[in-house]
1. Once fully extended, how much extra length lies between ILE96 and ASP252, figured as 0.36 nm per residue of separation less the alpha-carbon to alpha-carbon distance?
2. Sketch the reach of a paramagnetic label on ALA244 as a point 7 Å from Cα along Cα-to-Cβ, and name the residues of the stretch 259-294 whose backbone nitrogen lies under 15 Å away.
3. Work out the FRET efficiency for THR172 and ARG227 from their Cβ-Cβ distance, taking R0 = 22 Å, and round it to the nearest 0.05.
4. Scan the stretch 71-141 for GluC sites (Glu not before Pro) in coil per DSSP, keeping those whose Cβ has at most 16 other Cβ atoms within 10 Å, and list them by number.
5. Whole-Hz Karplus ³J(HN,Hα) for the stretch 244-255, in order, using 6.51 cos²θ - 1.76 cosθ + 1.60 and θ = phi - 60°, x for Gly and Pro?
6. Suppose R0 equals 35 Å; then what is the FRET efficiency for ARG112 and MET287 from their Cβ-Cβ distance, rounded to the nearest 0.05?
7. Name the shape class, rounded, prolate or oblate, that the alpha-carbon gyration tensor gives for the stretch 144-242, where a ≥ b ≥ c are the square roots of its eigenvalues, rounded holds for a/c under 1.5, and otherwise prolate holds if a/b is larger than b/c and oblate otherwise.
8. With just the Cα atoms defining each centre, how far is the stretch 173-188 from the stretch 109-163? Give it in Å.
Amino acid sequence: MAANNRRMSGKKGAQVGSGGQRRRGLEGKGPTPPAEMRKGHAKQRAAQVKARRAQGRTTQRRGGRSASELVVGRNPVVEALRGGVPASTLYVQQFIDNDERVREALQLAAERGGINLMEAPRPELDRMTNGLNHQGLVLQVPPYEYAHPEDLVAAAHDEGEDPLIVALDGVTDPRNLGAVVRSVSAFGGHGVLVPERRAAGMTAGAWKTSAGTAARTPVARATNLTRALEAYKKAGVLVVGLAADGEAELGDVEALDGPVVIVVGSEGKGLSRLVGETCDVRVRIPMPGGAESLNAGVAAGIVLYEAARRRS
């Protein structure tokens, strides 16, 4: 009987209706979206690439930010606070020996204001500093906000002055960068330009060497230093490179009283080839004493003094 039922169940009979559900499949889905909105379409991919490039330009225009930094150890922390290095948080180890340096660090942080004081166990400070000898004091320096290279020229024009900028090529010592920032501020310059890679940035050491002038002298960062210098040239700024074998002597360059960017190379290698070829003129500093080279901070200070003297 069961077998007979199975045979009968295979016979064609009345079908249950869809109740009109299938009509929805026949309805239109509205107008066809533009090609830029269709997933996988070539025009959509092109639009996405264009948007990413625009986002990249926006990021570059801001100049970017550095990573936060930790100053570790009692003496370095006290010196950073004395030097006016920006700080967001001072971490103090629990049950620390309260010596003179610890008391001074706490006093300086409290007097400045705006610095959070956090007590932390030693294992936490060990983890934060990757096992460095922090001596119970750790100072967090917030990320530095770099300007865009165009901002330096714009700032000079806003003040009704010809741009006076220093660019550093291959300078990796933050103390040299801080010294250059200090000289630019002293002689009325409008900022410092550094490359994004293989160059010193605005670390706590640079801030300290600048003696507080980094707070009012912008530092811009360029993804490509050569392209940034070429953009300055198109804007009417003369690019003057310092080189021991320069074709002109500093005292003979009359253009220093106009819009100029002074390019300083590293003490050992000098200007890189591409940057040297981009310069409008390469200038040498006369040194009767016979020294082979000057560090970036000293060289920049000499040329900035000469430029300021001619502009006065």
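Only the coordinates and a few stated rules stand behind these numbers; no lab work does. Since this is a predicted model, take the numbers as computed values, not measurements. Because the Cβ atoms are built from the backbone with ideal geometry, glycine has one as well, and the counts that use them run over all protein chains shown.
1. Values: separation 156, 0.36 × 156 = 56.16 nm, distance 6.06 nm.
Length gained between ILE96 and ASP252: 50.1 nm.
2. Once the point is set 7 Å along Cα→Cβ of ALA244, 265-272, 283-294 turn out to lie under 15 Å by backbone N, inside the stretch 259-294.
3. Values: r = 21 Å, r/R0 = 0.94.
About 0.60, to the nearest 0.05.
4. Numbers: sites: GLU79, GLU100, GLU104, GLU111, GLU119, GLU124; in loops: none.
For GluC sites (Glu not before Pro) across the stretch 71-141 that sit outside H, G, I, E and B with at most 16 neighbouring Cβ atoms in 10 Å, the list is empty.
5. 4, 9, x, 6, 10, 8, 3, x, 8, 8, 6, 6
6. Numbers: r = 42 Å, r/R0 = 1.19.
It comes out at approximately 0.25.
7. On the way: a/c = 1.81, a/b = 1.25, b/c = 1.44.
Oblate shape, in that a/c is at least 1.5 and b/c is the bigger or equal ratio.
8. Distance between centres, Cα-based: 17 Å.
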